[in-house]
């Protein structure tokens, strides 16, 4: 039976879904809670805290991708090498070249790697929407516009060729939900289980195929949607129109499969907003004709000349709230649509006002000094001590060598163009100032200092290289890398960098 839980934002849909899951699991029945990938950890933690370790065994939290992995582990379907974005690009480039002479519109672009990249993006979108090569071919044949016809024919041919190559060589994660549907046709994974689906705005075609199998196998299926009802608007252009359409499609799907549909559970109360102003804004923000007659006290619009003035106001307002309104820094959130606009602006202004600021921005892992040092050390070993790689490792600041010492090493290496492990293994004897310079007591002292630096750089890397070569298992290699970081006092170096 399909049971829809409907309501606006903050009406308690997730709370009701979790409460339902807890009651079902507490009774000893198995429940599967399906949420987007980013919510799986939080949902698992909530269920564990409410049910305890023993009863939580009856509750399983899955995303659609984790669901595919779970089913493949039970019934097979993971054999073959996985392919990543780089592999897709290479395979697509090969497919394009193979059918180049058969293309009508894209033949002139077939040699361009940029075209292959674009085709990989297009392929991903087709897979996401559940569009096959046969679908493109069918639409192309019926298209009245000749240019559109040729384009769709080309895309169909490219997709068909790529799929033929991929299916024989690799397992593409883009096809996981398609393979999951095929497995669910043969295996009753959801039999005797109650399924609850929450926090989705809508579903792709492959996800709908999976939901169809869930409806056929499961005793009850609860689906929570952020919509204030399923009745169609006159113009079908309202705020909830896409989600309302999804709700109607789910009802039609259940009816088509011969499954019962319970009356939707419509939640009307607002629990999220402690401020009536925010509740009114959420309800009416996209209603152009609505006019608020009440006094607004908790929402303020500020017009600033630029991001500097805007950031200045934010910092001043935070200081005022903390000093005069007894607010706490941890309870204040600054939300921006484009955080990159404020990088290097908001953080120094907050520092000026003594405001502790955490920027929730994605950061490339390789840009972190510890990871950069770690990877550069491995690169130095595998590239035979290439000059630029070794210097890059030293400049991370974790090699225990000062910036002045690094500059001296860099000057000497560039002066004599030393490259490779052999140059580092042998004692340096050339004049630090270059060709034709007379040796002196000062230059000899300088040279001895450079050789001491050479040893400090060389020995830890040689020990790491030897340990990795003699390691017989993955765990031994990891231990060798860990010991290398300990020998370089990486933890102490990181602590010093932070102080």
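At-a-glance table
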{"quantity": "Taking 381, 197 and counting other C-beta atoms within 10 Å, the order from fewest to most", "calculated": "381, 197"}
{"quantity": "Calculated FRET value between residue 343 and residue 85, using beta carbons and R₀ = 25 Å, to 0.05", "calculated": "0.40"}
{"quantity": "Segments 364-370, 169-175, 128-134 sorted - mean Cβ within 10 Å per residue, highest first", "calculated": "169-175, 128-134, 364-370"}
{"quantity": "FRET efficiency estimate (nearest 0.05) - Cβ-Cβ, residue 41 to residue 416, R0 35 angstrom", "calculated": "0.05"}
{"quantity": "Whole-angstrom Cα spans of segment 366-498 along principal axes, big to small", "calculated": "52, 35, 22"}
{"quantity": "Intensity falloff of the chain expressed as log10 I(q)/I(0), Debye formula with alpha-carbon point scatterers, at q = 0.08 Å⁻¹", "calculated": "-0.87"}
{"quantity": "Share antiparallel - DSSP beta bridges, the chain, percent rounded to 5", "calculated": "5"}
{"quantity": "Relative contact order computed over the chain (Cα-Cα under 8 Å; 6+ residues apart), in percent", "calculated": "16"}
{"quantity": "Two-decimal Rg/Rh across segment 301-441, once Rg and the Kirkwood Rh are taken from alpha-carbon atoms", "calculated": "1.24"}
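Only the coordinates and a few stated rules stand behind these numbers; no lab work does. Keep in mind it's a predicted model, so treat the numbers as computed, not measured. Because the Cβ atoms are built from the backbone with ideal geometry, glycine has one as well, and the counts that use them run over all protein chains shown.
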